[in-house]
Each structure stands twice: as C-alpha cells, then as structure tokens.
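Okay, so here's the structure we're looking at.
The values are calculated or read from the model by the stated rules, or taken from the named source; none is laboratory data. These figures come from a predicted structure and were not determined experimentally. Reconstructed Cβ throughout: ideal geometry from the backbone, glycine too, with neighbour counts over all protein chains shown. Keep in mind that these areas ignore ligands, DNA and RNA; they rest on the heavy atoms of the full protein, side chains included. Shrake-Rupley method; radii C 1.70, N 1.55, O 1.52, S 1.80 Å.
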Amino acid sequence: MTDETKKPGPDAEENQDAAAATAASAFAENGSEAPAEQQPDPLEALRAENNEIRDRFLRLAAEMDNLRRRTERDVKDAKSYAVTAFARDMLAVSDNLRRALDSIPAETREAGDAGLKALIEGVDMTERAMLTALERHGVRKIDAEGQKFDPNFHQAMFEVPNPAVPNNTVVQVVQAGYVIGERVLRPAMVGVAKGGPKVEASAAAEATADKA
C-alpha cells in the first residue's frame, strides 16, 4: 500500500466532522439537561416559604397576646395600687385621731359638757369617714385578734403568757393593720399568746371529741 492510499480523503474528513458535530450536539443536550435536574421544585420552595411565614405569624401573634395580657395587668395594678402611698399617709392621720379619742378618760366623756361631747363625736365621725373613704379605694382592715399569728399580715411586738388559748394566737392588737387589694399596706402590730396548747393538738382534740 502506498502513502497516497493512506491519506484521508474528502469522505473521511466529512465523516470526522459529522462525528464531532454529533458528539457536540449530544454534549450540549446532556449539559443543558443536567442543571435542570438539579434545580429545586418551585412548588416545594413555595411550601417552605409559606411555612416560614406561618411560623413568623404565629410567633408574632403569641408575642402580641403576651403583651396585651401584661398591659392589662399593669393597668389593673396601676388602678388598684396608685393610691398606696396616699393611703398609708392617711392611715397615720387616722391613727392620730384614734389616739386622741382613746386618750380621753371615760369619766371625762360622761361628765363633759355638750361642747366636749360634740367635739368627741366630731373626731369619731371624721375617723370613720376617713376609713370608709379608704375602703372605697380597696383599703381594708386586717381582722387580727383571735387569729393564728401570720407573719405575712402580723408583726409580733410581744408575747403574752396565756395557757387558755393556743400558742401563737393573736390576743392583743397594738396597731391595726390594713391591706390594699391583695397586698399588705401595713401589718398589724400584735401581741401573741405564749405557753398555750398548740393549734394542731387542740384541733386533734376537737376532732376526737366530735367522733366520740
């Protein structure tokens, strides 16, 4: 075979060009399809975005509800306890009126003239009117005498030996206590019993007596 027969002819070159064109076309088709397969589904993307927006809305709604509740509680507390300092000052005035009344001996009350009796009655009415006005604003007197000592509402000033009542029972009120709303405005200053039977023991004894 001669060198001339080994040289590619026009047909061979055309075949090579056609093969190259076919390969390029196949590569182009495969290359254009590959990215399409990697792209996310638009519907799934919308669902994910919708879920994210829904979660944000629910969190915002919960925060607004908590804010509304805190605001309502703050407004209620402001209405209930706005007069706390004023009420405490008025209790000091009421205490002075009561001390003035208690300082008048019973004999003087009975033997006094009409002017003195009118003065005593006027001071007494002023004290009662002041306490009534405070009660309209949520200030209530603590009923301490005869109750079990409670450090949340009572302040013990002294102990009174009295075996006739259970131990730690309030037997004397030195200064009345008051609450405003659910808070203690001023604890009651009291004297408590010492040496009597314990409350639990007396309650158990009463229960046993009832069964008998």
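So the values come out like this:
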item	result
Residues satisfying the stated conditions in the stretch 73-101, i.e. modelled with pLDDT of 85 or more and basic (Lys, Arg)	Arg73, Arg88, Arg98, Arg99
Test: residue in the stretch 105-128 that is within 30 Å of Asp77 (Cβ to Cβ), of a type outside the set (Asp, Glu) and surrounded by 10 or more Cβ atoms within 10 Å (Cβ to Cβ)	yes
Within the stretch 152-168, considering residues that are of a type in the set (S, T, N, Q) and farther than 10 Å from Val190 by Cα, the one modelled with the lowest pLDDT	Asn162
Subset tally (residues that are outside any strand (DSSP E or B) and within 27 Å of Ala87 (Cβ to Cβ)) for the stretch 140-174	11
Set Ala100, Ala82, Ala87: member being within 29 Å of Leu134 (Cβ to Cβ) and more than 27 Å from the chain's Cα centre (by Cα)	Ala100
Identity of the residue in the stretch 85-104, exposed (fewer than 14 other Cβ atoms within 10 Å of the Cβ) and either touching a residue at least 40 places away in the same chain (Cβ under 8 Å) or among the small types (Gly, Ala, Ser) (or both), that ends up nearest to Asp124 (Cα to Cα)	Ser103
Only one of Leu116, Leu97 that is under 23 Å from Met189 (Cα atoms) and hydrophobic (A, V, I, L, M, F, W, C)	Leu97
Residue in the stretch 140-148 that is among the small types (Gly, Ala, Ser), under 32 Å from the mean Cα position of the chain (by Cα), surrounded by fewer than 19 Cβ atoms within 10 Å (Cβ to Cβ) and within 16 Å of Asp95 (Cβ to Cβ) present	no
Of all residues in the stretch 129-139 being open to solvent by less than 100 Å² (accessible area, probe 1.4 Å) and not in a helix (DSSP H, G or I), the one that is farthest from Val192 (Cα to Cα)	Gly138
Single residue of Asn162, Asn167 found to be touching a helix residue (DSSP H, G or I) at 6+ places or on another chain (Cβ under 9 Å), under 30 Å from Pro197 (Cβ atoms) and open to solvent by less than 60 Å² (accessible area, probe 1.4 Å)	Asn167
